[in-house]
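The structure appears below as structure tokens.
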């Protein structure tokens, strides 16, 4: 669904109809402001407007990100003028508004689209609150792939890694051949996303969810082992001065042949393709050690506020979850369609690879949501901050401080019953 700008919404009067009838300016708020993201959102809305009779949905951009949209949405709720639908992060972000009674339960629409069949179980976990669906997935990205420069691998005599030993060997060979082995970038998310490979290697899928539920402590031997694995096998491979770069700058390093590998979300494939560095030719990708056969993902969903437009919004939900609707967004944006029935043939080389990974993981119930969004907001944010700090300075002192800080926040969250049984 589309999202509309909160400020623009102040000047609109929402109609009081409770059924789908002629309605103008049914706003969908989102923060996809330019490029392929905006093109994908526009295509998604166009597909819905073609399918839904007597309802006109209009996208309105909220500049910024989910934080700014959340701020304006809260103001809209207070003023009684929410949009027909809006872009939300999954899991905890979605739950916050559902718990406040501000979201329309999508039970009927979910049943109509057969949501339990078209979305994998791991996806369903993070759009339902107490078993009730409150968000509809439309934009899914995998974050456990490592991209590699094919020419660099060939010149260094490197085979595609399949485990941690071969990954370390690849780093050594690339360094010996004059390449920076593994790129990274500064920011709260990127080191954390890399860390998941080590974390899943140690705690497995069950342990991953135990951390999300607050059941496995950050002071546990398992978590300490994951930190050591991350430090010894991945941080040790990072390029020099990586923390001062954006992810696009590091992608450029891969394109230019300065760096051999770069672990990043699948949006990096679209960026490199656009730059003329083509998937399957200039670069390829493999799943990070410890995550082979699994898909760690993050996802945007569309949520529907309670209000006079819920009937039309339900019809919109049905339209944008069709294979055509989901493909229209994903192919332009460069992401994956969460609907597993979308034909992989709609994607290019990279998208088809990611789609195959996601399909195989879905069949094995090995689809894991980004842990950041499963944790209470303050803890998730600090998790990212601390892992980046450790990646910059992987000393025992920083490791101990990281464990103490995160465990203290976990105990506070437990005392407040803030964890969720995803």
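The values are calculated or read from the model by the stated rules, or taken from the named source; none is laboratory data. Note that the structure is a prediction, hence the values are computed from the model and not measured. Here Cβ is always computed from backbone atoms with ideal geometry, including for glycine, and neighbour counts include all displayed protein chains.
Points to keep in mind about this one:
- Where helices (runs of 4 or more DSSP H) fall wholly inside segment 340-422, the ranges with 1 or more residues that are within 23 Å of residue 192 (Cα to Cα), modelled with pLDDT under 95 and within 16 Å of the chain's Cα centre (by Cα) are 349-363, 371-374, 377-392.
- Residue match in segment 372-395 (condition: in contact with a strand residue (DSSP E or B) (Cβ under 7 Å, 6 or more places away or on another chain), surrounded by fewer than 23 Cβ atoms within 10 Å (Cβ to Cβ) and under 30 Å from residue 210 (Cα atoms)): yes
- Test: residue in segment 91-104 that is more than 27 Å from residue 379 (Cβ to Cβ), touching a residue at least 60 places away in the same chain (Cβ under 8 Å) and within 20 Å of the chain's Cα centre (by Cα): no
- Consider segment 38-86 and keep the residues that are under 20 Å from the mean Cα position of the chain (by Cα) and assigned to a loop (DSSP other than H, G, I, E, B). The one that is modelled with the highest pLDDT is 62.
- Out of 303, 330, 312, sole residue that is at pLDDT 95 or above, under 30 Å from residue 82 (Cβ atoms) and buried (at least 24 other Cβ atoms within 10 Å of the Cβ): 303
- Selection status of residue 234, farther than 19 Å from residue 353 by Cβ and in contact with a helix residue (DSSP H, G or I) (Cβ under 7 Å, 6 or more places away or on another chain): yes
- Considering residues of segment 205-225 that are in a helix (DSSP H, G or I) and touching a residue at least 40 places away in the same chain (Cβ under 8 Å) only, the residue surrounded by the most Cβ atoms within 10 Å (Cβ to Cβ): 212
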